[in-house]
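The values are calculated or read from the model by the stated rules, or taken from the named source; none is laboratory data. Computed from a predicted structure; not experimentally measured. Here Cβ is always computed from backbone atoms with ideal geometry, including for glycine, and neighbour counts include all displayed protein chains. Surface areas here come from the heavy atoms of the whole protein model, side chains and all, with no ligands, DNA or RNA. Shrake-Rupley method; radii C 1.70, N 1.55, O 1.52, S 1.80 Å.
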Amino acid sequence: MIHLHFSRWRKLLIALAIIGFLFAVCQILPSENNGKPHLETLESASDVPLIIWWTPLVEGGYESRRICDLSNICRFTTKRDKLGDAGAILFYGSNVKTDDFPLPRLPHHIWALIHEESPRNVPFMPYNDWLQHFNFTSTFSRNSNVPLTTYYLTNVENLTCPTYTIPIGEKSRYKDHALVLFIQSDCDTMSGRDDYVKELMNYIKVDSFGTCLKNRNLPDRLQKLQHDYLNNLYAPELLKFIGRYKFVISYENGVCEDYITEKFWRPLIAGSIPIYYGSPSIKDWSPNEKSFIDVRDFKSPESLAMYLKELDADDRAYNSYLNHKYNMLQPITNKRLLNDLNMRKTAMHNGDLFQSFECAVCSHVHDLKKRKSESLMASERHYQCAHDPVYPSMYAKVSNYDDWYSIMNIGKCKARILDTLFRRNKNYTNEDFTNILNKELSLGKC
């Protein structure tokens with residue numbers, strides 16, 4: 001009995017020791033919140049930078065507090081009356097107004113720009129006079145601080161997954177389909193898209209859905225998706241429909257290095273061959289060396305049509321473009337693409353583009369504070385778009401060249417005016433900006 005009593009006490013002491021050890025460990029380890037420290041702990045350890053969205057993304061204001069990279073914490077707001085306390089100002093390119101900037105700019109203010117679009121709607125975007133005033137950028141260019149080059153590709157598995165891939169023999173049996181699919185409702189682009197496709201139609205049959213060059217109606221089930229296009233870029237119904245075509249016209253609305261949208265990735269996911277025009281560096285991002293047909297490789301739409309017909313008649317040659325679907329051992333050979341997707345998966349905050357941008361800027365602000373250094377300025381390398389309209393080789397003259405040439409030159413003029421006003425570092429009105437622009441136009445400087 002004495003031995004049993006002693007044994008129980010020994011077990012109790014051991015249990016207390018284990019509990020004490022675990023308690024001590026828990027004081028050292030990060031607490032809950034996905035392995036991140038509590039906000040209160042970080043707030044007491046250092047000042048928390050305030051970051052303002054100058055171009056609000058949502059109506060009704062925005063307030064947030066977030067831990068980034070497990071250690072950096074920042075506050076985010078849309079309240080402009082906090083400008084004096086802010087360490088960084090965020091701008092969304094599509095919502096920027098030429099008369100609305102936080103001036104005078106304080107010496108410690110970091111300006112950060114995110115813009116995933118081409119210059120179609122913001123024609124002053126590609127110019128150094130404008131870009132040099134930003135310390136931090138997130139664009140499609142690989143040279144920006146947070147590149148969005150593969151943003152429109154959700155993951156590598158979508159490229160290799162055969163879910164929507166239809167065998168070549170079955171595709172050939174769709175006699176009611178043309179060889180080539182074109183779905184576009186954004187017409188009159190600065191890349192001459194409509195003009196090129198219109199000329200191509202003279203030499204090969206193209207099923208054109210959407211507003212531009214329309215010659216067929218989408219099935220009812222797909223017409224409903226058009227009302228909410230951006231949220232249905234990869235809808236299963238749409239991918240199934242695309243997969244029935246051998247070739248899909250994947251033609252961007254502007255020509256910029258690394259500017260690659262869903263137009264390129266979608267047919268690859270669906271198991272069709274993209275006919276691509278857009279980024280001059282597209283081959284750097286293709287799954288394999290031979291995964292798409294580059295419009296630049298052909299002297300005219302006629303020569304392109306001849307090549308498409310040759311592929312249509314040769315199943316083996318056609319399937320050679322679909323190694324990302326049929327090669328089980330090494331479906332994707334492009335290491336740059338694979339590395340970029342892996343890095344983006346790590347950097348993307350909850351899969352949200354803008355929260356990821358916020359966290360990248362937050363980390364940048366903290367890093368500058370630790371190193372006690374100044375932030376660098378951006379340049380045209382952070383955006384890399386052609387200043388003048390660029391088109392592929394075709395017989396006909398592009399119908400809107402003069403219009404887009406004028407629009408981009410006015411954009412260049414606007415960038416120069418913004419540079420002047422930013423350097424004055426005084427607030428100005430829309431009337432001020434318009435008066436200067438009209439004067440430049442009257443003097444023939446735009």
Search result, residues across segment 436-446 that are polar (S, T, N, Q) and loosely packed, with under 11 Cβ neighbours inside 10 Å: SER442
Search result, residues across segment 44-75 that are open to solvent by less than 70 Å² (accessible area, probe 1.4 Å) and outside any loop (DSSP other than H, G, I, E, B): LEU50, ILE51, ILE52, TRP53, SER64, ARG66, ILE67, CYS68, ASN72, ILE73, CYS74
Selected residue [among the charged types (D, E, K, R) and either open to solvent by 60 Å² or more (accessible area, probe 1.4 Å) or touching a helix residue (DSSP H, G or I) at 6+ places or on another chain (Cβ under 6 Å) (or both)] from ASP340, ASP403: ASP403
Answer residue from segment 259-299, given it is in a loop (DSSP other than H, G, I, E, B) and charged (D, E, K, R) and is least open to solvent (accessible area, probe 1.4 Å) among those: LYS290
Per-region count, segment 76-114, residues surrounded by 14 or more Cβ atoms within 10 Å (Cβ to Cβ), among the hydrophobic types (A, V, I, L, M, F, W, C) and free of Cβ contacts under 8 Å to residues at least 40 places away in the same chain: 4
Matching residues in segment 311-332 - criterion: being touching a strand residue (DSSP E or B) at 6+ places or on another chain (Cβ under 9 Å) and either among the β-branched types (Val, Ile, Thr) or within 13 Å of PRO162 (Cα to Cα) (or both): LEU322
Cross-chain or 6+ apart pairs with Cβ under 6 Å, segment 300-321 first and closer than 16 Å to PRO274 by Cα and open to solvent by 50 Å² or more (accessible area, probe 1.4 Å), then assigned to a loop (DSSP other than H, G, I, E, B) and at pLDDT 95 or above: ASP312/LEU179
Neighbours by Cβ (under 7 Å, 6+ apart or cross-chain): first from segment 117-142, over 20 Å from SER281 (Cα atoms); second of a type in the set (Val, Ile, Thr): VAL122/VAL96; PRO123/ILE407; PRO123/ILE410; ASN135/ILE110; PHE136/ILE110; PHE136/VAL361
Segment 216-258, residues that are modelled with pLDDT of 95 or more, farther than 21 Å from SER172 by Cα and open to solvent by 10 Å² or more (accessible area, probe 1.4 Å): ASN253, VAL255, GLU257
Selected residue (only one of ARG381, ARG416 is open to solvent by 90 Å² or more (accessible area, probe 1.4 Å), under 25 Å from GLN132 (Cβ atoms) and part of a helix (DSSP H, G or I)): ARG381
Members of segment 309-325 found to be under 19 Å from ALA178 (Cβ atoms), assigned to a helix (DSSP H, G or I) and not hydrophobic (A, V, I, L, M, F, W, C), listed by number: LYS309, GLU310, ASP312, ASP315, TYR318
Residue in segment 176-185 that is assigned to a loop (DSSP other than H, G, I, E, B) and without any contact (Cβ under 8 Å) to a residue 24 or more places away in the chain present: yes
Conditions (1) under 20 Å from VAL156 (Cα atoms); (2) outside any loop (DSSP other than H, G, I, E, B); (3) open to solvent by 40 Å² or more (accessible area, probe 1.4 Å): number failed by MET328: (2)
